[in-house]
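See structure below.
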Amino acid sequence: CFPLLQELDFSYPSDCKNYSSYVDGVEAISLALIKLRKVNLSGFPINDQSLFYLFNNCKHLEEVILFDSHEITNEGIASALRERPGLRSLSFSATSSNPEYRQMFATSHFIDSLVSLKSLTCLVLRDLSISDELLFSIAREVSTYQIFGSSKCLFFGR
């Protein structure tokens, strides 16, 4: 069904009752939509395994929006990023009241995965602790960049 679909927006679904069916659905979608280039799964119940399937199976994926991701870990997003080196745009935020959760995305594994995205032209990291190491790593990898900031959001773009 819709094998030529290039953009998919399943953001903020209402009444998510059967979490496991959503997780399984992401794998099925990633196998069926071979032309998928852009996906918005903000607020969607997705975990590390589903994210990995999405990045691994969708060979043309260029833009991913994952705001308010409840179940994605540092390891999960770092591993997924390694599967899609041609990613051009990543928008991500975590939803946890635990400040340590927001800081874990400043680890060297996450930073290394992020700076390996040589085609990246847009990066939005919302509600995450942005470390000096992350900023330095991005500046070192990107020759021309712009940084726009506010109290809760940093946007990097070429």
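On the Cα set of the range 1-96, report Rg and Dmax in Å, please.
Calculated on Cα positions, Rg and Dmax stand at 12.1, 36 Å.
Calculate what fraction, in whole %, of the accessible area of the range 18-73 sits on carbon and sulfur atoms when a 1.4 Å probe is rolled over the protein chains.
Of the solvent-accessible surface of the range 18-73, carbon and sulfur hold 52 percent.
Find how much the distance from ASN56 to TYR12 grows on full extension, using 0.36 nm per residue of separation minus their present alpha carbon separation; answer in nm with one decimal.
13.5 nm
Which length gain, in nm to one decimal place, applies between CYS1 and THR107 when the Cα-Cα distance is subtracted from 0.36 nm times their residue separation?
Full extension of this stretch gives 34.2 nm more.
The values are calculated or read from the model by the stated rules, or taken from the named source; none is laboratory data. Keep in mind the model is a prediction, meaning the values are calculated, not measured. Side chains are part of the model used for accessible areas, which takes the heavy atoms of the whole protein and leaves out ligands, DNA and RNA. Shrake-Rupley method; radii C 1.70, N 1.55, O 1.52, S 1.80 Å.
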